[in-house]
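Asks: A single structure is presented below for examination.
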Amino acid sequence: MFTIISRIFHFGFKNFWRNGWLTTVTVMIMTLALLVFSWLIFFGVVTSRAAASIEDKIDISVYFNTNTSEDEILSIQQSLEGLSQVQSVDYISRDQALAIFKQNHAGDTTITQAVNELDTNPLEASLNIKAKNPSQYGAIADYLNSSDLSQYVDSVSYTQNQSVIDRLAKIVKTVEVGGVIVMIVFALLAGLVVFNTIRLAIYSSREEIGVMRVVGASNALVRGPFVVEGTLCGAIAALLSLIISAPILFAINPYLNIFIPGMDLFQYFLSHIVALFFYILFFGIVLGAASSFVAVRRYLKN
Amino acid sequence: MIVFQGVSKKFNSGDQTALEDVTFEVDPGEFVSLAGRSGAGKSTIIKLLIGEDKPTKGRVFFGQYEVNKLHDKELPAFRRHIGVVFQDFRLLPTKSAYENVAFALEVAGRPQREIEELVPQVLDMVGLADKMKNFPNELSGGERQRVAIARAMIHRPEVVIADEPTGNLDPFHTFEIVKLLEKINELGTTVLLATHDKEVINSLERRVITLDRGRIVRDEKKGKYILV
């Protein structure tokens, strides 16, 4: 058994080396396929960051009547935090609201003077609420508009911005779902291209397989070296696709930053390089080995 | 040793008959020529014997094996009892002469030391001791066929089957190959030679089974090449 296994590897390595051009072409096509696969990973990162950055901009604020006490607002904050849809709730007191207002209009003397002349603080305390998912703002707004809270609540920003929030939520969802579909379609295409390339490479070896069968080679010994060759092609293609990706990512990174502020794809690449390599290596090896395994099968009859 | 019992083989859903009720036996140590025109059924007999195809009717025996009942998985082990030589040599182009011959032992799981000892001996026997490292494309037709014969006999099979082994060779190399097959037979191996070469069959003066349109028309102990 050990002898046969060692011979399978020996033949596989030898064929890989001796098939020259065929091996080179297979590795090149697999590299292209794995480049598609690795860029699908980067695309996934970019879309999720883009979606997160849109999501981050969405929140709703609830403004309380000026006669509502802080205790009552804090108790509403607590009840909101207990809702499953809510991710975070920030309390802004009337004093904080005034301070923020003054800070925002520090350069406008007319407004500053007008505010200073007032005896009382006209601004209302508020709660800023972020949902776990943009589609959940409607449910939170409904809770805030319920009759139990109507005596405290003056207004809810969602009611004014409902159409914008809903549209943003739809965009986030479309980006996420679209990203997954694009990834699946391209991964399948890349897989099919590789499978057909390996199928053609093995087709060119069909006579060789016939000879192996005639001299009494078992199915494992016929198939094994092709699987080893496919695995080697996949592993080398994985390495090449990472080496090719690095300078491209470095070059496009500044432009990407313009569209998605704070997005550093090259840094992401560097910090995840080991995991990325193993993902791509796994995909490459599985693709190479499985394609070879399946492609040889039709020649193993008789 | 080899028994064909009422074997028929039809192709294209029964439209074409390759063999019709063929019955014969080959004893151990015999040298038997299968003679006949192209399409007479010689290659079909060989394909059925090595399990590359199955008969439409009848049974094919090789030793204890009923070949027509063997499953795909059983064929490799069965084929290690037989050495086959083809007209087109069927050598592995990416392997040297040495590696092509060694391959037949490697697939049988024979130890490396035995392979290193046996392969040079057999290549020497077929006169290719100095061309062991050459690849098939660096050898002449006659040399390639000698490599194929060396590969066929390296694992000491009970029978060597040669399907038109001289079809691609000039007269000089043809007789070289025939002599080699006779030598193998003298060493005790049964030889089954399929050929349409009149000169080869007549020079052998051994048993000849003549086929015509899938039927056996003559089976003589010391036969000549006579077509109907």
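The values are calculated or read from the model by the stated rules, or taken from the named source; none is laboratory data. All values reported here derive from a predicted model rather than from experimental measurement. Reconstructed Cβ throughout: ideal geometry from the backbone, glycine too, with neighbour counts over all protein chains shown.
Asks: Determine if segment A:59-75 includes at least one residue that is aliphatic (A, V, I, L, M), closer than 30 Å to residue A:120 by Cβ and either within 14 Å of chain B (Cβ to nearest Cβ) or surrounded by fewer than 18 Cβ atoms within 10 Å (Cβ to Cβ) (or both).
Replies: yes
Asks: I would also like to ask the following. Restricting attention to segment A:30-40, report how many residues are buried (at least 19 other Cβ atoms within 10 Å of the Cβ) and either of a type in the set (Lys, Arg) or out of contact with any Phe, Trp or Tyr (no Cβ under 6 Å at 6 or more places or on another chain) (or both).
Replies: Number satisfying all stated conditions: 6.
Asks: Could you please find all residues in segment B:38-57 being small (Gly, Ala, Ser) and either assigned to a helix (DSSP H, G or I) or crowded, with 17+ Cβ neighbours inside 10 Å (or both)?
Replies: Across segment B:38-57, the qualifying residues are B:40, B:41, B:43, B:51.
Asks: Which numbered condition trips up residue B:135, out of (1) surrounded by 20 or more Cβ atoms within 10 Å (Cβ to Cβ); (2) of a type in the set (Phe, Trp, Tyr); (3) within 12 Å of chain A (Cβ to nearest Cβ)?
Replies: (1)
Asks: Kindly indicate the residue of segment A:115-151 that is of a type in the set (Val, Ile, Thr) and at pLDDT 85 or above and also nearest to residue A:57 (Cα to Cα) among those meeting that condition.
Replies: A:129
Asks: Quick check on segment B:215-226. Is at least one of its residues touching a Pro at 6+ places or on another chain (Cβ under 7 Å) and in contact (Cβ under 8 Å) with a residue 60 or more places away in the chain?
Replies: Scanning segment B:215-226 turns up no residue that is touching a Pro at 6+ places or on another chain (Cβ under 7 Å) and in contact (Cβ under 8 Å) with a residue 60 or more places away in the chain.
Asks: Only one of A:300, A:276 is within 14 Å of another protein chain (Cβ to nearest Cβ), of a type outside the set (Ser, Thr, Tyr) and in contact (Cβ under 8 Å) with a residue 24 or more places away in the chain; which?
Replies: Among A:300, A:276, only A:300 is within 14 Å of another protein chain (Cβ to nearest Cβ), of a type outside the set (Ser, Thr, Tyr) and in contact (Cβ under 8 Å) with a residue 24 or more places away in the chain.
Asks: As an exercise: evaluate residue A:284 against (1) within 14 Å of chain B (Cβ to nearest Cβ); (2) farther than 22 Å from residue B:72 by Cβ; (3) not basic (Lys, Arg) and give the number of the one condition it does not meet.
Replies: For residue A:284, the exception is condition (1).
Asks: Is there a residue in segment A:21-41 that is within 14 Å of chain B (Cβ to nearest Cβ) and not hydroxyl-bearing (Ser, Thr, Tyr)?
Replies: yes
Asks: Restricting to segment A:91-149, name every residue that is among the β-branched types (Val, Ile, Thr), surrounded by 12 or more Cβ atoms within 10 Å (Cβ to Cβ) and over 30 Å from residue A:175 (Cα atoms).
Replies: The answer is A:92, A:100, A:111, A:112, A:115.
Asks: Exactly one condition in (1) assigned to a helix (DSSP H, G or I); (2) at pLDDT 85 or above; (3) surrounded by fewer than 16 Cβ atoms within 10 Å (Cβ to Cβ) is not met by residue A:163; state its number.
Replies: All conditions are met except number (2).
Asks: Under 6 Å between Cβ atoms, at least 6 apart or on separate chains: pull out the pairs that start in segment B:78-107 with a residue that is facing chain A (nearest Cβ under 9 Å) and in contact (Cβ under 8 Å) with a residue 12 or more places away in the chain and end on any residue that is among the small types (Gly, Ala, Ser) and part of a loop (DSSP other than H, G, I, E, B).
Replies: B:79/A:216; B:80/A:216; B:80/B:108; B:107/A:216; B:107/A:217
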